[in-house]
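Data first, discussion second: the structure below is written as structure tokens.
The values are calculated or read from the model by the stated rules, or taken from the named source; none is laboratory data. None of these values were measured; they are calculated from a predicted model. Here the Cβ is made from the backbone with ideal geometry for all residues, glycine too, and neighbour counts use every protein chain on show.
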Amino acid sequence: MASLTGAKRIVVKIGSALLVDRQSGALRADWLRALADDVAMLKGQGADVILVSSGSIALGRGALNLPAGALLLEQSQAAAAVGQIRLARAYEEALAPHQITTAQVLVTLEDSADRRRYLNSRATLETLLSLGAVPIVNENDTIATDEIRYGDNDRLAAQVAVTIGADRLVLLSDVDGLYTANPQSDAGAKRFDIVEKITPEIEAMAGDAASGLSKGGMKTKLMAAQTATAGGCAMAITEGSQLRPLRALQEGANATWFLAEDDPQAARKRWIAAMKPKGEVHLDAGAVKALQSGKSLLPAGVTEISGRFGRGDPVAICTPDGHKIAQGLTRYTAEEARQTKGLRTDAIESLLGYPGRSVLIHRDDMAL
């Protein structure tokens, strides 16, 4: 059975209804401090932690004294602009006593669809995690349009989990899992402990959002589960209003676990290998040997570039005689790759006029 035990990288999605009191519009500070205890606990166990947090619009509308009910798009964006400052500060203050550095990362679902922005987001999150920080990810509601009207942080959390290769995704919700029917209206509803595969019958059981603060219902959670599990990440839906909800989940609290189809790295490699390459990168014998021993591809090992590609595009990686041995996502455009082929990293900046990236194709972005 899936659990948090032994997880190396955990994404936790936190909804507005958990963070913000529905009546007063104020932050639930005690709950957030308890969540910070959970984050410190998981990091103490050796796990990276990323929080995907709603709440900026809910906090901002209270500060701006906006009326109850649906907001106009421009009102939502204004509320997000005000609330995001308060949200980031609240997380910083909650995690600071644990000597945990927080970082704010604002994205949209589009960032995972565009390869260049996807690589930028991934590199930033990876660097933050390597430095011990806890990224607080939220949708960039101040500039989003459709995302505010139709978006939700359940699916955003799943995209983040796949982007950074998480092995666990936890959706803290107002229910303790997926039921055969709405447990609030059907006393005979039964909770699933484990879902191995999301079938059409399971999809038909999903209801709509119950909270006036949140947008995500069970349908969006199942969509998140489909994204996460296909990317090698197990996902849990569990009730989050209690103090220390992650500790409770680790100790066996009620939840529905959706099992991953594969491990995150294998799923990512399959995705890269399935893309149609937009060019070729030919290597010298030394670079081929380095790749086969698990190294990244440096510009110094490149002898020839063909095709037209942009940063983040898939390219075939070939031996000196033209045999394809791998495929990967390039961190340089075709023109930059041609300019820097055969050069050591310390010589690239003087040629390009700006600091180049240390690798042409990182080993995590490569399928051998």
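Number of residues in region 296-355 that are more than 9 Å from residue 281 (Cβ to Cβ), touching a Phe, Trp or Tyr at 6+ places or on another chain (Cβ under 9 Å) and polar (S, T, N, Q): the value is 3.
Take the conditions within 17 Å of residue 243 (Cα to Cα), among the polar types (S, T, N, Q) and out of contact with any Pro (no Cβ under 8 Å at 6 or more places or on another chain) and apply them to residue 53. Does it pass?
Numbers: within 17 Å of residue 243 (Cα to Cα): yes; among the polar types (S, T, N, Q): yes; out of contact with any Pro (no Cβ under 8 Å at 6 or more places or on another chain): yes.
Yes; evaluated as a whole, the condition is true for this residue.
Within the bounds of region 93-103, is there any residue that is buried (at least 21 other Cβ atoms within 10 Å of the Cβ), touching a residue at least 12 places away in the same chain (Cβ under 8 Å) and over 21 Å from the mean Cα position of the chain (by Cα)? Yes, that holds for at least one residue.
Filter region 4-26 down to residues that are in a strand (DSSP E or B) and modelled with pLDDT of 90 or more and give me whichever is surrounded by the most Cβ atoms within 10 Å (Cβ to Cβ).
Filtering region 4-26 for residues in a strand (DSSP E or B) gives 9-14, 20.
Applying the additional criterion that residues be modelled with pLDDT of 90 or more yields 9-14.
Working: 9: 18, 10: 23, 11: 29, 12: 28, 13: 31, 14: 26.
Here the answer is 13.
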